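Here's the structure we're looking at; comments come further down.
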C-alpha cells in the first residue's frame, strides 16, 4: 500500500513538473519563421541572417512581419516608432489539440484532487512537499491545459 502511494505521488510529481514547465514558457514573445526545408520554427532567438520572420506576442494575437534585410528586431510588443504589430490571423495562431497533453493534464487534476500530500523533486534531487497554495496553482494549470488540449 505504501509503495502504491509512493508511486502515485512520484507520478503526480513528474506530471506536475511537465505541466508547469509547459506553462512556464507561456506569456513570452517569440520569433517564427520557416526553415530551408519548409518546416515552421518557433524560437526565443531570431533566425539566421537572410531569413524573413515574424515576432509573435503570446500575450495577445499580435505579430510583426520582419524582412530579412531589416535584421534582428527585439521580441517585444511595446509600442514605439518602427515596432508595428498587426492582428494575427486567428486560424494560424490557433493551438492544435494534443491528446497526450490532454491525458497528462487530466491525470494531474485527478491526482491533485485525490492525493493528500504531493512531493516534488528539486534541482538538487531532494524531495519536498507542496503546500495547498502550490497545489491550487498546479490544479489551475491542469484545468487550463485541459481547456486548451482536450476536446
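The values are calculated or read from the model by the stated rules, or taken from the named source; none is laboratory data. Computed from a prediction, not measured in an experiment: that's the story for all the values here. Using ideal geometry, Cβ is built from the backbone for each residue, glycine included, and neighbour counts are taken over all protein chains shown.
Among the helices (runs of 4 or more DSSP H) confined wholly to region 1-115, which include 1 or more residues that are modelled with pLDDT under 65?
Details: elements: 2-24, 90-93, 99-114.
The qualifying helices (runs of 4 or more DSSP H) are 2-24, 90-93.
Looking only at region 116-151, count how many residues are under 20 Å from the mean Cα position of the chain (by Cα), surrounded by 15 or more Cβ atoms within 10 Å (Cβ to Cβ) and outside any helix (DSSP H, G or I).
Residues meeting the conditions: 1.
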